[in-house]
1. Along Cα→Cβ, 7 Å out, is where each label goes; now give me the distance between the ones at K166 and S18 in nm to one decimal.
2. Modelling each spin label as a point 7 Å along the Cα-to-Cβ direction, I'd like the H127/S145 distance in nm, to one decimal.
3. May I ask which of K87/K166; K88/K120; K21/K87 have a Cα-Cα span longer than 25 Å here?
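Please treat every number below as a calculation from the coordinates, not as lab data. Remember, it's a predicted structure, so these values are computed and weren't measured experimentally. Cβ coordinates were reconstructed from backbone atoms using ideal geometry, including for glycine residues, and neighbour counts include every protein chain displayed.
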Amino acid sequence: MESTQSLSAVPAPSAALSPEKRVLAWYDAWADDMLRFCFLCLGSQQEAEKALCEAFLRLMKNSSASREYPFSSPRTLCLRSACIVCKKSLRRFRRFYPADDAALSAQLAAFGCTQPGDLKLLIGILHLPFTERCILLMTCWLGLSEEETAFVMHLRPAVLRRHRIKAEEMMTEGRSEMEE
């Protein structure tokens, strides 16, 4: 599943489009990256695909979302919708990804993550609690600002900073355990 466009590299579709067509343009532009994000949040390809569909259905139902949040970018709105859906999915089932790191590595390889260092890092991220996992993915992988990430996660910036520090500490501890 190769993505030719990054979430940050795609310009927002024209405001002249109808709300439904605008959401479809967002899907065309960001579906691959959003699917990867959902997979890394949930750890299951099947659940990630369901979450992606549900996230864009939510956006379609609330197609006036861009008018509700005029200060946020379309990709932020898409991530917010995906994050809400992923959080609901995790509440229902708690854990999708296999406890066995070898099986998890095989799933990650299906998404194009084949470098040993990347696999260790992604497995470490998947073992973080949901909030910390999403914050690291959004700030480090997707390049969202602290304000955008706080908007997506429904957190105040100070709370977001505490979660990010906690996530970085957990990743550092995990890295030192792997090296021993």
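1. Placing both labels 7 Å beyond Cα along the Cβ direction yields 4.5 nm.
2. 3.5 nm
3. In this structure, K88/K120; K21/K87 exceed 25 Å between Cα atoms.
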